[in-house]
1. With the structure loaded, tell me whether Gly183 is out of contact with any helix residue (DSSP H, G or I) (no Cβ under 8 Å at 6 or more places or on another chain) and either at pLDDT below 95 or at positive phi (or both) or whether it fails that test.
2. Take the stretch 224-244 and flag every residue that is crowded, with 18+ Cβ neighbours inside 10 Å and in a strand (DSSP E or B).
3. Can you spot a residue in the stretch 96-111 that is among the basic types (Lys, Arg) and assigned to a strand (DSSP E or B)?
4. Would you point out which residue out of Thr61, Thr83, Thr50 is in contact (Cβ under 8 Å) with a residue 60 or more places away in the chain, of a type in the set (S, T, N, Q), within 21 Å of Thr316 (Cβ to Cβ) and crowded, with 18+ Cβ neighbours inside 10 Å?
5. Which of the residues that make up the stretch 310-353 are surrounded by 11 or more Cβ atoms within 10 Å (Cβ to Cβ), polar (S, T, N, Q) and at pLDDT below 95?
6. Which pairs have Cβ atoms under 8 Å, sit 6 or more apart or on different chains, and link a residue in the stretch 233-247 that is at pLDDT 95 or above to one that is of a type in the set (Asp, Glu)?
7. Among the residues of the stretch 127-135, are any aliphatic (A, V, I, L, M), under 30 Å from Ala76 (Cβ atoms) and not in a strand (DSSP E or B)?
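The values are calculated or read from the model by the stated rules, or taken from the named source; none is laboratory data. Owing to the predicted nature of the structure, the values given are computational and were not obtained by experimental measurement. FYI the Cβ positions are ideal-geometry reconstructions off the backbone, even for glycines, and counts take in every protein chain you see.
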Amino acid sequence: MKSFAIPVLLFAASLQMASSHPALAAGPAQIYKLTSSVKIGGEGGWDYLTLSPDGHTLYITRTTHTMVVDIATGQATADIRGTIVAHGVALVPDAGRGFISDGGAGSVVIFDLKTGAELGKVAAADDADAIIYDPASKHVLVFCGDAHQMVAIAPDIDLKHGTASATLDLGGKPEFAVADGHGKVFVDIVDKDELAVIDTATMKVIARWPTGAGKRPTGLSMDPKTRRLFIGCRNGRLIVMNADNGSVVADFPIGQGVDGTAFSDGLILASCFDGTLTVVREISADKFELAQTVPTALGARTLAVDPASGTIYLPTADLKANAPATGLHPHPYSPVPGTFKVLVVTRTAPKIL
């Protein structure tokens, strides 16, 4: 994931807008609400965050290190160093290992899930970014943006002499990916405005589907039951796509700077840099409706969701506007040191039984 320029927007303005805009106002249709934030602190930016299967631990990439945070206390239980530009974390409990993509080194850091200790590194490719575990092929899949490649790594790889099991040319710059659990993986190709479909039995691209009105696709998630894909696009659109044939089922407006989507209990969530979280309700496989727009905070562009409670976690920090972009300072905002936090957005409406 990369930062990008958007107009200045203050969180206070978001809160003021929530009281006057029908789509943002709290009312009978309210499903989610920002209820608290956990101050984490520490240095570095942030990208993806990953929630442990038991819902108790967050793994948060912070550029040169990855923080392992106990949700109940807000305290870091481990801090995994050794990365140049950490992007994402994949967990493989059966192997007792976690995997961190390092875009700066073009590699993957492997760590022990119990202790957080680094176990070793394995080469991937330039700009190793999104990383997921595919249960069908039983491989960790690393998506390398600048290299236009997917790299497959066995979870039990030999830490001294092991190499990647497969490398696949994606024909464009990958962003995020999702596995259906049955041998298909879908990945955003951000510079082609398309989704690539990968057969992980053969490790080949078997289809390419355009994202329609959605441009520069980034966030990606899936409802495995209805086989619908949810694609967050940087032109402020959420695309719903049929995972069997690539047809676009629905299209919704969302905020600016989306970097994550998630599916939870019949709801599609899209987190955006501009301080909004869009909630879309899945009524059926082919019917969707805009349910709510939750004000969050500037910079809260990625998310993790607890499937048991529906609680949403969004990382951000207090941000200050930079001087006009230059080669040395290409981003419009920078975090205020020591202010990194995780927002907690909780479900106020009952879960669907």
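1. Numbers: out of contact with any helix residue (DSSP H, G or I) (no Cβ under 8 Å at 6 or more places or on another chain): yes; either at pLDDT below 95 or at positive phi (or both): yes.
Yes; evaluated as a whole, the condition is true for this residue.
2. Pass one, the stretch 224-244, residues crowded, with 18+ Cβ neighbours inside 10 Å: 228-234, 236-241, 243.
Listed by number, the residues that qualify are Arg228, Leu229, Phe230, Ile231, Gly232, Cys233, Arg237, Leu238, Ile239, Val240, Met241.
3. Let us first name the residues in the stretch 96-111 that are among the basic types (Lys, Arg), namely 97.
Then keep just the ones that are assigned to a strand (DSSP E or B); that gives 97.
Within the stretch 96-111 (the criterion being among the basic types (Lys, Arg) and assigned to a strand (DSSP E or B)), the answer is yes, since at least one residue qualifies.
4. That would be Thr50, the only listed residue that is in contact (Cβ under 8 Å) with a residue 60 or more places away in the chain, of a type in the set (S, T, N, Q), within 21 Å of Thr316 (Cβ to Cβ) and crowded, with 18+ Cβ neighbours inside 10 Å.
5. Scanning the stretch 310-353 gives Asn322, Ser334, Thr348.
6. These pairs meet every condition: Arg237/Asp251; Leu238/Asp251; Ile239/Asp251; Val240/Asp251; Ala243/Asp180.
7. Within the stretch 127-135, not a single residue is aliphatic (A, V, I, L, M), under 30 Å from Ala76 (Cβ atoms) and not in a strand (DSSP E or B).
Results for (1) touching a Ser or Thr at 6+ places or on another chain (Cβ under 6 Å); (2) under 21 Å from Lys184 (Cβ atoms); (3) of a type in the set (Phe, Trp, Tyr), shown as yes or no for each residue.
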position	(1), (2), (3)
Gly116	no, no, no
Asp126	no, no, no
Ala136	yes, yes, no
Leu141	no, yes, no
His148	no, yes, no
Pro155	no, yes, no
